[in-house]
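Derivation of every value follows stated rules applied to the coordinates shown; laboratory data play no part. In this text the structure is predicted, and so the values were computed from the model without any measurement. Here the Cβ positions follow ideal geometry from the backbone for every residue, glycine too, while neighbour counts run over all protein chains shown.
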Ligand SMILES: Nc1ncnc2c1ncn2[C@@H]1O[C@H](COP(=O)(O)OP(=O)(O)OP(=O)(O)O)[C@@H](O)[C@H]1O
Ligand SMILES: [Mg+2]
């Protein structure tokens, strides 16, 4: 029983992380019909952004909650800016080119970030950047305490924070997408950017906003992971990125609630399969799901069904 | 009379294919101008170039005295033009209400937007009944009404309409045309593209006939209705 509970807790927390990353893929796909393969690397930058900020603030010597907040906000700003720049500089000039061009560019940006971060430190940098290929350890942002136990499963304030923050951001995103003017505009752009323009919607600005939003969620996900699994390195975004992509496809790429549900299901199935069957299957689950989805329901769980009327 | 819209020598290409060859036309303020022509004549392309959906490679487009060629659609909307595009252009993933509100995207005057929303619903009561429904579930005719109502939400000076009667039952066509006349009475200038040349010429002050990307004939609605060439080619006589 307690084993089951433990897997459930782990599965949900992993699932919310996948969901947060998957949202970035799905929103960007919605507005641009582009798989932003650099998204996993934005996640990695989020972790390193938090890492550097934490050192700057002296978190190692005196961890605290206010500093944690600064680390989160700072890393979100860094990733938001990065997402904005990636779209502005790399994708926008290719907007009207064949889609493959943008896709290859996305892979290029991904390599640029992964390998750029593996370079040895630049001498003119006041701090240790780029970090190089050796893993770093994300500091403890605030003291970890056990909140309560259910049987043998103990829930720490870290677990609670991770789940709380992830849910907060997902609810916030739902609100933005379904209740604000920006959200309606974003859904309009994802349906048809040309007609959105005819409504007076500044399409480019909405696309920028979408990249910023997705990247901010990726940085939140990265920090929530790094506080409990502190080993970070420049290619740490690869696996979570791929899996979140699978979650997005599973939920129906372009579909926001789908990405959340897809992330959760993926996280849970991964934990349960790894826990009860073979832990070495862990990474295979996502890809097994991908293959099954593509075979039997390529539009995903919540794939959009729209009909054009004549 | 002062021209609200003046298009001169417009060339538009799709890739290597030339779709418009030096189109010129004038839409005087407070008039209804019709654009008729066979399939593929370039009517839709003309409207798209005017509203900034397509880039014109040559020519000039002046709207209310200002050169708007090269501006983006959303900038042109901000200057007082609305375009109900071919195929209605409804956001099928949004609700009817959201579609209408998007029509007023650039407006800040919330109260008068609310008033115009009511006016729109009064014009087409069926939209009010369906306002929380996803627009994809509307019938074709209802979508057409939504398209016209939405275009009005920006309080345009000029409204471009691309085949508002396409595929509609006769009563609905009547309804749309009577609404267009009402819209015109409120002081909105109309540039109307229609397959239904008969009806379009009947309400138009002035009309242009397009053929393979050029204007081949123009005149008042009555003149074109009486012209043997037009009768033969477009009115099925
Ligand atoms: N996206 C496009 N790519 C390439 N050619 C196009 C495109 N859209 C239109 N054309 C071509 O441009 C010409 C004009 O098309 P347009 O849609 O303006 O015609 P239309 O007068 O609106 O016709 P209809 O009455 O059938 O709507 C046609 O020859 C058409 O094949
Ligand atoms: Mg057309």
Inset, instruction - Compare A:24, A:58, A:263 in a GNM of chain A, Cα atoms joined below 10 Å, and give the one with the largest fluctuation. - result: A:58
Inset, instruction - Provide B:38, A:79 in ascending order of the number of other Cβ atoms located within 10 Å of each residue's Cβ, fewest first. - result: B:38, A:79
Legend entry - Residue of B:217, B:81, B:145 that the Gaussian network model of chain B assigns the largest fluctuation, springs spanning Cα pairs under 10 Å: B:217
Inset, instruction - Normalising by the residue count of chain A, find the relative contact order in percent from Cα pairs under 8 Å and 6+ residues apart. - result: 36 percent
Legend entry - 17 Å tail of the calculated P(r), region B:27-126, as % of Cα pairs: 64 percent
Inset, instruction - Pull up the DSSP beta bridges for chain B and report the antiparallel fraction as a percent, rounded to 5. - result: 55 percent
Inset, instruction - Going by C-beta contacts inside 10 Å, put B:198, A:7 in order with the fewest on the left. - result: B:198, A:7
Legend entry - Candidates B:50, B:76, B:126: whichever shows maximal mean-square fluctuation once chain B is modelled as a Gaussian network with Cα springs under 10 Å: B:126
Legend entry - Beta bridge orientation in the protein assembly as shown: antiparallel %, DSSP, nearest 5: 60 percent
Legend entry - R0 of 51 Å, Cβ-Cβ distance residue B:169-residue A:84: FRET efficiency to nearest 0.05: 0.55
Inset, instruction - Grab the DSSP H runs of chain B that are 4 residues or longer, score each as -39,500 (n - 2.57), total them, divide by all residues and round the 222 nm result to the nearest 500 deg cm²/dmol. - result: -10500 deg cm²/dmol
Inset, instruction - Can you figure out the FRET efficiency of residue A:121 with residue A:61, using R₀ = 22 Å and their beta-carbon distance, to the nearest 0.05? - result: 0.45
Inset, instruction - Report Rg/Rh for region B:88-153, rounded to two decimals, where Rg is the Cα radius of gyration and Rh the Kirkwood radius. - result: 0.93
Inset, instruction - Could you tell me how many degrees, from 0 to 90 and to the nearest 10, lie between the Cα long axis of helix B:170-185 and the main elongation axis, the longest principal axis, of the Cα atoms of chain B? - result: 90 degrees
Legend entry - Potential lengthening between residue B:126 and residue B:72 on full extension [0.36 nm per residue; Cα-Cα distance subtracted]: 16.1 nm
Inset, instruction - Run the numbers on region A:183-278 and let me know its relative contact order in percent, using alpha-carbon pairs under 8 Å that are six or more apart. - result: 12 percent
Legend entry - CD proxy at 222 nm, helix term only [per DSSP H run n ≥ 4: -39500 (n - 2.57); per residue of chain A; nearest 500]: -22500 deg cm²/dmol
Inset, instruction - Subtracting the Cα-Cα distance from 0.36 nm times the residue separation, let me have the gained length for residue A:176 to residue A:111 in nm, one decimal. - result: 20.2 nm
Legend entry - Label-point separation in nm, residue A:192 to residue A:4, each point 7 Å along Cα→Cβ: 5.1 nm
Legend entry - Likely footprinting exposure, B:55, B:43, B:131, fewest C-beta neighbours within 10 Å first: B:55, B:131, B:43
Inset, instruction - Report the relative contact order of region B:88-153, percent, no decimals, based on alpha-carbon pairs under 8 angstrom and at least 6 residues apart. - result: 56 percent
Inset, instruction - Give the dimensionless ratio obtained when the Cα radius of gyration of region A:174-251 is divided by 2.2 N^0.38 Å. - result: 1.38
Legend entry - Average other protein chain Cβ within 10 Å of Cβ, residues B:92-99: 4
